Amino acid sequence: MSVEHPFRLSNAEALAAKAPYTFFIPSREEREAVVPGAMVKLVFEYLWDGRKLNGERMWVKVTHVQGQEMTGLLDNRPYEEGLEEGMVVNFAPANVVEIEWGDAPHPEVPTPRQFWQRCYVDECVVEGCVPVGFLYREEPDLEGSDEKYPDSGWRIRGRETEDPADSLDRRKIAYVALGAVLNADDSVLDLLEAPVGSAFVRDEESGEYRPA
């Protein structure tokens, strides 16, 4: 089956490296253990002019594996014309972002810790413009909270600057997953298990936190 339009497959490891606390992929052990009959999700990047989308995440049913060379059949109907359900796709373990094993044998690996609980944080911290300056944990605000990913109680502020336009009371506040903060500044990682009532200030010279 011919494919009219060019595409490439994203490197899942590179995507995960950009957002390690919110973009999770199977372990290398799992990705290299894929066998025919399993389903894998790949990220297709579209390269032609006039496309409606930059890419799509789609499932591929694995049909052949030889070392790092894997082949499967596209198991989704693409939104974009030019790719077709059932087309042959060649890929490698590095391209796999998700696996559905079905009845296929697979290794048992521990689930990595995830950080989906929410927090209030300066937007400039999440955007990577300012590092964390101090943080404290209060009783979570559970009113209207998402039951699946509730408020953690953490309130995270960026380092103060000398710019009057960037004063703390003028900053925009975001309500995001703790993982989004860690993607930008994971210096607070070891503090997140501290109980309600905890507060920490970051030393600007050493970068270490001390109780406040």
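The values are calculated or read from the model by the stated rules, or taken from the named source; none is laboratory data. What you see is a predicted model; the values in this text were computed from it and never measured. Quick reminder, even Gly has a Cβ in these numbers, built from the backbone with ideal geometry, and neighbours come from all protein chains shown.
Answer yes or no as to whether residue 144 is surrounded by fewer than 15 Cβ atoms within 10 Å (Cβ to Cβ), among the small types (Gly, Ala, Ser) and modelled with pLDDT under 90. It is true that residue 144 is surrounded by fewer than 15 Cβ atoms within 10 Å (Cβ to Cβ), among the small types (Gly, Ala, Ser) and modelled with pLDDT under 90.
Are there strands (runs of 3 or more DSSP E) fully within the range 163-212 with at least 3 residues that are touching a residue at least 60 places away in the same chain (Cβ under 8 Å) and in the same structural domain as residue 19 (by TED's automatic domain parsing)? List them. Full working, then the answer.
Values: elements: 173-177, 199-202, 209-211.
So the answer is none; nothing clears 3.
Within the option set 133, 102, being loosely packed, with under 14 Cβ neighbours inside 10 Å and among the small types (Gly, Ala, Ser) holds for one residue only, 102.
Buried (at least 17 other Cβ atoms within 10 Å of the Cβ) and at pLDDT below 95: does that describe residue 79? Break it down stepwise before answering.
Details: buried (at least 17 other Cβ atoms within 10 Å of the Cβ): no; at pLDDT below 95: yes.
No, not satisfied.
The residue that is surrounded by the fewest Cβ atoms within 10 Å (Cβ to Cβ), among those in the range 1-12 that are modelled with pLDDT of 95 or more and not in a loop (DSSP other than H, G, I, E, B), is 9. Residues in the range 90-114 that are modelled with pLDDT of 95 or more and either within 19 Å of residue 191 (Cα to Cα) or not in a loop (DSSP other than H, G, I, E, B) (or both): 90, 91, 93, 94, 95, 96, 97, 98, 99, 100.
For the range 125-162, give me the residue count where each residue is outside any loop (DSSP other than H, G, I, E, B) and not polar (S, T, N, Q).
15
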